[in-house]
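Worksheet for the structure shown next.
The values are calculated or read from the model by the stated rules, or taken from the named source; none is laboratory data. Values in this document were obtained by computation on a predicted structure and should not be read as measured data. Cβ: placed from backbone, ideal geometry, glycine included. Neighbour counts: every protein chain shown. In case anyone asks, the SASA skips ligands and DNA or RNA and just uses the protein heavy atoms, side chains included. Shrake-Rupley method; radii C 1.70, N 1.55, O 1.52, S 1.80 Å.
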Amino acid sequence: MNLPEYQCEPYTDYTHPNHAAAYRHAIAKVSSELGKDYPLIIGSERIMLEDKIESHNPCKPSQVIGRVSSATAAHGEKALEVAYAAFESWKNTPLETRVAVLVKAAAIIRERKLEFNAWLTYEVGKNYAEAEGETAEAIDFLEYYARSALKLCKPIQTYQMAGEADRAEYIPLGVGVSITPWNFPFAIFLGQACAPIVAGNCMIVKPAEDSAVIAYKAIEVLLEAGLPHGVINFLPGLGEVVGDALVKHPRTRFISFTGSKNVGLYINAEAAKVLPGQRWIKRVTLELGGKDGMIIDETANLEEAATAAVAGAFGFAGQKCSALSRLIVVESVYPEILEKVTSKVKALTIGDPLENKYVNAVINMESLEKSKKYLEIAKTEGRVLTGGTASSDPQNEGYFVQPTVVADVKPDDKLAQDEIFSPILAVIPVKDFATAMEVMNNTEYGLTGGLFSSDLSRLEFAERELHVGNLYLNRKITGAMVGCHPFGGFNLSGTDSKAGGPDYLLHFMQMKSIARKI
Ligand code: NAD
């Protein structure tokens with residue numbers, strides 16, 4: 001099977017009036033589909049339950065995006081049964097057929113990109129460019145993993161023992177569980193499910209509570225693309241109910257999780273317990289939170305550095321695992337950077353992403369309350385230069401947190417150590433580059449990080465010594481592209497499984513070595 005060489009999906013530029021008009025048209029079209037009820041999907045069965053979780057527009061919480069059935073442990077049990085039955089044929093389905101499903105799914109999304117963008121705008125509050133980035137990333141994951149499977153799912157040449165025919169091959173693991181967050185509810189949801197699937201596994205997928213409607217739309221795409229029933233089973237519901245039951249089930253072969261550090265570490269511990277009847281050691285991949293930093297030294301292009309800092313910290317209201325939340329600035333340029341960053345932040349538009357405003361609401365009331373707590377802490381730990389407030393009237397205004405810049409934060413402050421997941425940027429002054437490097441690595445996380453400098457030796461030093469999974473030099477620290485920037489973190493940011501990287505599929509396969517005497 002020959003596929004054209006992989007390349008990242010190009011973005012549409014919505015600053016162009018015609019494209020913006022097309023986006024608004026898609027928004028209008030999707031608006032007529034809001035508020036519907038959605039079932040679980042187990043095999044060929046669609047199961048509508050009375051017990052549902054409502055999904056809301058975070059920028060206008062009174063607007064219901066949809067009501068999604070909430071699965072229980074018993075549904076988990078049934079889904080495992082169905083998925084194992086499907087595994088018997090899916091693992092033996094020709095690789096080309098499996099690959100073709102992903103490529104077809106990518107084509108369907110490409111064709112209807114604006115529609116999925118509009119759902120993302122409604123359900124999680126992404127503005128036009130952020131939604132476009134995510135839809136493109138979903139396409140990229142599908143196209144990239146399709147090609148990865150063609151490279152990896154084939155016999156492996158080994159050295160030959162005399163008198164033997166020796167080889168090895170990767171085979172799928174079995175039935176896995178994918179548990180995903182709300183902040184990339186389409187791209188991560190699809191990527192994390194489809195990488196194991198193209199490798200021959202069957203999946204039970206548990207989307208986040210706040211974003212299960214767009215996840216349902218993703219499942220529809222896969223079924224339309226020809227994925228056989230039972231290969232993917234859709235079990236939305238509460239993490240601590242159906243998610244927990246699936247993690248602890250002895251028949252779960254592997255768990256692929258993206259989400260917060262605390263939930264991820266809990267899952268890791270539970271998955272390590274071998275239960276009665278369990279015949280394997282569960283494999284776990286974890287992609288967790290971050291407290292991502294960027295250094296600006298005295299040799300940097302300060303204008304470019306400030307622009308990158310603002311984009312990294314406030315894009316999608318700081319709700320990316322890769323978002324900048326610690327800006328570490330060498331003293332001699334500190335006042336100038338504060339001035340530039342603050343004035344750029346003040347110029348950001350805040351409001352409804354349906355109208356393509358830059359800074360949207362945070363996802364839910366819990367996140368708003370958490371942000372408020374940290375805005376209080378900000379007053380004692382530093383100097384609030386802009387922002388510092390959060391709306392408390394969600395019925396009318398949405399869960400808005402004003403983009404906030406806090407100066408004079410110290411390296412060990414809570415604002416410099418805790419993942420807040422909100423548009424709050426801590427700025428930390430340091431006396432020199434060497435201290436900046438120490439401050440940067442002083443975190444339990446290690447997802448993304450960056451340096452702005454024009455000093456080549458410092459850039460090279462940072463390449464060696466900055467301990468992050470994704471290092472960015474003289475550019476913003478968000479916006480990893482599938483295939484170009486394999487994505488995953490060090491330390492408590494995860495198991496560094498590197499989504500969108502050349503080895504990602506290997507997490508969902510095991511190598512079988514075969515020696516035949518001749
Ligand atoms: P979360 O940990 O609250 O939830 C993630 C998923 O876990 C949800 O589907 C939830 O229902 C489920 N869950 C919760 N409790 C569970 C339990 N006991 N057992 C099984 N499943 C359970 O995270 P979130 O708020 O949805 O997402 C934000 C977090 O995700 C941030 O920390 C962010 O940094 C991280 N994130 C990391 C990456 C990455 O690639 N490293 C990417 C996106 C988001």
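Applying the criterion of at least 1 residues that are among the charged types (D, E, K, R) to the helices (runs of 4 or more DSSP H) found wholly in segment 126-229 leaves 128-152, 212-224. Among the residues that make up segment 192-200, is at least one of them within 16 Å of the chain's Cα centre (by Cα) and either more than 22 Å from Val482 (Cα to Cα) or away from the ligand (no atom under 15 Å from the Cβ) (or both)? Scanning segment 192-200 turns up at least one residue that is within 16 Å of the chain's Cα centre (by Cα) and either more than 22 Å from Val482 (Cα to Cα) or away from the ligand (no atom under 15 Å from the Cβ) (or both). Look at segment 357-381: where a residue is within 23 Å of Ile428 (Cβ to Cβ) and outside any loop (DSSP other than H, G, I, E, B) and a partner is among the charged types (D, E, K, R) and within 13 Å of the ligand (Cβ to nearest atom), sitting 6+ places away or on another chain with Cβ atoms under 8 Å, you get Tyr374/Asp418.
Of all residues in segment 259-311, those that are assigned to a loop (DSSP other than H, G, I, E, B) and either within 16 Å of the ligand (Cβ to nearest atom) or not assigned by TED's automatic domain parsing to the domain that holds Val468 (or both) total 17. The lone criterion from (1) open to solvent by less than 50 Å² (accessible area, probe 1.4 Å); (2) under 19 Å from Asp352 (Cβ atoms) left unmet by Tyr6 is number (2).
For the structure I just gave you, tell me whether Lys154 is among the basic types (Lys, Arg) and open to solvent by less than 30 Å² (accessible area, probe 1.4 Å). Please lay out each step first, then the result.
On the way: among the basic types (Lys, Arg): yes; open to solvent by less than 30 Å² (accessible area, probe 1.4 Å): no.
No.
Screening the candidates Ala74, Ala79, Ala100, Ala83 for the property of being open to solvent by 30 Å² or more (accessible area, probe 1.4 Å), aliphatic (A, V, I, L, M) and under 30 Å from Glu240 (Cβ atoms) yields one hit, Ala74. Taking segment 60-71, which residues are open to solvent by less than 40 Å² (accessible area, probe 1.4 Å), out of contact with any Phe, Trp or Tyr (no Cβ under 8 Å at 6 or more places or on another chain) and not β-branched (Val, Ile, Thr)? Answer for segment 60-71, where residues must be open to solvent by less than 40 Å² (accessible area, probe 1.4 Å), out of contact with any Phe, Trp or Tyr (no Cβ under 8 Å at 6 or more places or on another chain) and not β-branched (Val, Ile, Thr): Ser70, Ala71. Here Ile424 passes the criteria (1) within 22 Å of Gly315 (Cα to Cα); (2) exposed (fewer than 15 other Cβ atoms within 10 Å of the Cβ) except the one numbered (2). Is it fair to say Ala317 is within 14 Å of the ligand (Cβ to nearest atom), of a type outside the set (Phe, Trp, Tyr) and touching a strand residue (DSSP E or B) at 6+ places or on another chain (Cβ under 9 Å)? So Ala317 passes the test. For Ile139, the criteria (1) at pLDDT 95 or above; (2) more than 30 Å from Lys512 (Cα to Cα); (3) open to solvent by 10 Å² or more (accessible area, probe 1.4 Å) hold in every case but one, which is (3). In contact (Cβ under 8 Å) with a residue 40 or more places away in the chain, open to solvent by 10 Å² or more (accessible area, probe 1.4 Å), away from the ligand (no atom under 16 Å from the Cβ) and not in a strand (DSSP E or B): is that true of Arg110 in this structure? In short, yes. Residues that are open to solvent by 20 Å² or more (accessible area, probe 1.4 Å), under 20 Å from the mean Cα position of the chain (by Cα) and more than 16 Å from the ligand (Cβ to nearest atom) do not occur anywhere in segment 330-350. Looking only at segment 214-231, filter to residues that are more than 16 Å from the ligand (Cβ to nearest atom) and among the hydrophobic types (A, V, I, L, M, F, W, C); which one of those is most open to solvent (accessible area, probe 1.4 Å)? Here the answer is Leu223. Against the list (1) surrounded by fewer than 24 Cβ atoms within 10 Å (Cβ to Cβ); (2) over 19 Å from Asn262 (Cα atoms), the condition Phe189 fails is (1).
Taken over segment 390-416, the criterion of being at pLDDT 95 or above, more than 22 Å from Lys344 (Cα to Cα) and open to solvent by 40 Å² or more (accessible area, probe 1.4 Å) is satisfied by Lys410, Pro411, Asp412, Lys414.
Only a single criterion out of (1) near the ligand (Cβ under 9 Å from one of its atoms); (2) open to solvent by 10 Å² or more (accessible area, probe 1.4 Å); (3) touching a residue at least 40 places away in the same chain (Cβ under 8 Å) is not satisfied by Ser211, namely (2).
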